[in-house]
1. Quick one: Gly176 ticks every box in (1) over 24 Å from the mean Cα position of the chain (by Cα); (2) at pLDDT 95 or above; (3) open to solvent by 40 Å² or more (accessible area, probe 1.4 Å) bar one, so which box is it?
2. What residue, of Asp139, Asp70, Asp96, is farther than 30 Å from Arg196 by Cβ and open to solvent by 80 Å² or more (accessible area, probe 1.4 Å)?
3. Does Thr64 fit the bill of being β-branched (Val, Ile, Thr), in contact with a strand residue (DSSP E or B) (Cβ under 6 Å, 6 or more places away or on another chain) and farther than 30 Å from Arg160 by Cα?
4. I need every pair where a residue in region 94-107 that is over 25 Å from Ser131 (Cα atoms) has its Cβ under 6 Å from the Cβ of a residue that is at pLDDT 95 or above and open to solvent by 40 Å² or more (accessible area, probe 1.4 Å), sequence separation at least 6 or different chains.
5. Could you list, ordered by first residue, the pairs with Cβ atoms under 7 Å in which the first is in region 62-88 and more than 19 Å from Val133 (Cβ to Cβ) and free of Cβ contacts under 8 Å to residues at least 12 places away in the same chain and the second is assigned to a strand (DSSP E or B) and among the aromatic types (Phe, Trp, Tyr), at least 6 apart or interchain?
6. Of everything in region 59-79 that's at negative phi and touching an Asp or Glu at 6+ places or on another chain (Cβ under 6 Å), which residue is modelled with the lowest pLDDT?
7. If you go through region 52-79, how many residues are part of a strand (DSSP E or B) and either more than 27 Å from the chain's Cα centre (by Cα) or among the hydrophobic types (A, V, I, L, M, F, W, C) (or both)?
8. Determine which single condition Cys82 fails, assuming it passes every other condition in (1) open to solvent by 60 Å² or more (accessible area, probe 1.4 Å); (2) modelled with pLDDT under 95; (3) assigned to a strand (DSSP E or B).
Amino acid sequence: MANGRLKKVVLAAVTVLAVSGCAKDGALDVSSGVGVSVTRTGCPAVAVPSHTGDITLFSPENSTDASAIDVVANITNLRSTCNSEGARIYSEATFDVYALRTRPTGARTVTITYFSTVIQGGTAVVAKRVSTVTLQFADGAYRATASGKAGSYVDASAARLPEDVIDRLTRKRKPGDPDAALDPLADPEIKAAVARSSFELLVGFQLTPAQLQYNATR
């Protein structure tokens with residue numbers, strides 16, 4: 001009997017949600033048309049570009065033999081915070097660097113350079129900064145860790161979609177409408193406008209061409 005009541009309660013709850021039209025982020029919204037409810041933010045996406053999240057140091061430097069590997073380090077635990085209030089959007093990324101050396105004899109300091117780049121529309125470099133992170137290996141220790149951070153500012157006006165684009169993206173489309181099954185983002189103008197207002201904060205090691213090639217081909 002209890003199970004039967006529980007099933008009725010669950011069914012009623014589902015019915016209320018369907019009728020009320022409450023749509024969570026990315027949920028299908030069928031209350032007044034066909035579409036997907038999406039919340040867009042001006043905060044840049046934060047990521048590590050391909051092949052730049054780790055670095056291998058050799059000794060001697062001009063060798064790439066496995067036997068010459070000196071230190072290997074990688075970026076991990078990338079996290080971000082963002083303040084989108086005001087005329088400028090500030091975003092900050094923090095991360096950890098884990099390193100492993102092959103010869104643990106003696107205390108040692110290793111400094112590695114990393115970059116942070118703000119990209120607009122997937123291709124345009126808006127800003128770039130270069131910083132360093134310092135790893136301290138204790139005598140007899142194979143491993144060392146350090147932390148780094150990167151910050152960026154984006155003009156809120158540049159990250160805001162034009163009103164006409166917002167209208168075309170959010171307009172309710174009912175079944176039977178000529179464009180009900182068409183994706184607005186398939187329109188080159190809409191796609192370009194969304195790209196122009198999209199930003200990324202990319203963080204990675206500042207690699208030489210030889211180091212980048214090593215990462216890409218190993």
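1. Going through (1) over 24 Å from the mean Cα position of the chain (by Cα); (2) at pLDDT 95 or above; (3) open to solvent by 40 Å² or more (accessible area, probe 1.4 Å) one by one, Gly176 breaks only (2).
2. Numbers: Asp70 fails: open to solvent by 80 Å² or more (accessible area, probe 1.4 Å); Asp96 fails: open to solvent by 80 Å² or more (accessible area, probe 1.4 Å).
Only one candidate qualifies: Asp139.
3. Values: β-branched (Val, Ile, Thr): yes; in contact with a strand residue (DSSP E or B) (Cβ under 6 Å, 6 or more places away or on another chain): no; farther than 30 Å from Arg160 by Cα: yes.
It is false that Thr64 is β-branched (Val, Ile, Thr), in contact with a strand residue (DSSP E or B) (Cβ under 6 Å, 6 or more places away or on another chain) and farther than 30 Å from Arg160 by Cα.
4. Qualifying pairs under 6 Å: Pro104/Gly140; Pro104/Tyr142; Gly106/Asp139.
5. Close Cβ pairs satisfying both conditions: Ala68/Phe58; Asn83/Tyr90.
6. Of region 59-79, the ones at negative phi are 59-76, 78-79.
Retained after the next criterion (residues that are touching an Asp or Glu at 6+ places or on another chain (Cβ under 6 Å)): 59, 74, 76.
Numbers: Ser59: 94, Asn74: 97, Thr76: 97.
Checking each candidate, the answer is Ser59.
7. Of all residues in region 52-79, those part of a strand (DSSP E or B) come to 54-58, 69-79.
Next, only the ones that are either more than 27 Å from the chain's Cα centre (by Cα) or among the hydrophobic types (A, V, I, L, M, F, W, C) (or both) stay: 55, 57-58, 69-73, 75, 78.
The total comes to 10.
8. Tallying (1) open to solvent by 60 Å² or more (accessible area, probe 1.4 Å); (2) modelled with pLDDT under 95; (3) assigned to a strand (DSSP E or B), Cys82 fails exactly one: (1).
The values are calculated or read from the model by the stated rules, or taken from the named source; none is laboratory data. All values reported here derive from a predicted model rather than from experimental measurement. Neighbour counts are summed over all protein chains in view; Cβ atoms, including those assigned to glycine, are modelled from backbone coordinates with ideal geometry. We work out accessible area using only protein heavy atoms, side chains counted, and drop any ligands, DNA or RNA first. Shrake-Rupley method; radii C 1.70, N 1.55, O 1.52, S 1.80 Å.
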